[in-house]
Each structure stands twice: as C-alpha cells, then as structure tokens.
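A.B. asks: The structure under discussion is supplied below as structure tokens; questions concerning it will follow.
The values are calculated or read from the model by the stated rules, or taken from the named source; none is laboratory data. These numbers come from a predicted model, not from an experiment. Every residue, glycine as well, gets a Cβ built from its backbone with ideal geometry; the counts of neighbours run over all protein chains shown. The accessibility values were calculated without ligands, DNA or RNA, using every heavy atom of the protein model including side chains. Shrake-Rupley method; radii C 1.70, N 1.55, O 1.52, S 1.80 Å.
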Amino acid sequence: MKPTISTETQQEALAAAKATQKPGQTKEQTKLIAQGIEKGIAEYKKLLKAKARERDKARKQQLKAKARTVNDIDNLDDADEIIDSQSQFTRATWVAIALLVLSWAGFAAYYVMT
C-alpha cells in the first residue's frame, strides 16, 4: 500500500529541488531529487503521526491511572466507613449481651433467694 502524496507536498518538494538545482543538472535529475524530498516529507509526517499517537496513548494511560487512584481512595474510604460501622455494631452487640447476662444473673439470684 503506497501512501498518496498531496499535491501541496509535491509542489514543496519540487520547489526545494529547484532551489538546490546545480548548473547543468537535467530535468530528470531534478525530478528524482524532488521525489526523494517527497519521500522524506512523507516519512517525516509518518513519524509525527506516530509520535502524536504515542503521546495520546500515554496521556490516556495517565488519565486512567489517575482515575484508578481516585477510585481506590474512594474504595478505601468506603471500607473504613464499613469497618467503623461494624465496630460500632459489635460494641452495641457486646453491650446487649452484657445486659442480657446481668439480667439472667439477677433473675437467678432472685430465684435462689426465694
């Protein structure tokens, strides 16, 4: 698959070739030089596009990483809240168990006394 070269690029290459033309150089030689310049411009544009793609990929990866860190922090905060609420529930449960044991002990003592 041969990349198509725009007419603007061809004109720029031909102008550059004519600007560097030496005395006694034929039109064919100038055209060959212009074609070489066209290829160079096409390669340069390819490299620029590849670098732009790499920059975009890196930027997207950074955004994803930042989003993951924010989500991880949110998840940790949620986990802390869950742990706190569980510990409060456990404390309340122990208080209820202690009151139940005390009431049974009181009932047993009353029963033994009577």
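A.B. asks: Based on the Cα coordinates of the chain, what is the per residue volume of their convex hull in Å³?
C.D. replies: Details: hull volume 15.0 nm³, N = 114.
Spelled out: Cα convex hull of the chain, divided by residues, is 131 Å³.
A.B. asks: Counting only pairs 8 or more residues apart or on different chains, how many lysine pairs in the chain have their Cα atoms under 19 Å apart?
C.D. replies: The number of close lysine pairs in the chain is 19.
A.B. asks: Just order 62-72, 38-48 by mean Cβ neighbour count inside 10 Å, highest at the front, would you? Kindly include the intermediate steps, with their values, before the conclusion.
C.D. replies: On the way: 62-72: 10.0, 38-48: 13.2.
Packing order, densest peptide first, comes out as 38-48, 62-72.
A.B. asks: Could you report the chain's accessible area per residue, 1.4 Å probe, as an integer in Å²? If you can, show how the numbers build up before the last one.
C.D. replies: Details: 10340 Å² over 114 residues.
Normalised by residue count, the accessible surface of the chain is 91 Å².
A.B. asks: Moving on. Can you send over the carbon and sulfur percentage of the accessible area for the chain, probe radius 1.4 Å, protein chains only? Walk me through the numbers on the way to the answer.
C.D. replies: Details: 6480 of 10340 Å².
The C+S portion of the solvent-accessible surface of the chain is 63 percent.
A.B. asks: Helix-derived [θ] at 222 nm for the chain: sum -39500 (n - 2.57) over DSSP H runs of at least 4, divide by residue count, nearest 500? If you can, show how the numbers build up before the last one.
C.D. replies: Numbers: 2 runs with 100 residues, N = 114.
It lands at -33000 deg cm²/dmol.
A.B. asks: In addition: So if each residue of separation counts as 0.36 nm, and I subtract the Cα-Cα distance between Thr69 and Trp94, what length gain in nm does that give? Kindly include the intermediate steps, with their values, before the conclusion.
C.D. replies: Working: separation 25, 0.36 × 25 = 9.00 nm, distance 3.70 nm.
Residue separation times 0.36 nm, minus the Cα-Cα distance, leaves 5.3 nm.
A.B. asks: How far, in degrees from 0 to 90, does helix 27-113 lean away from the longest principal axis of the Cα atoms of the chain, to the nearest 10?
C.D. replies: 0 degrees
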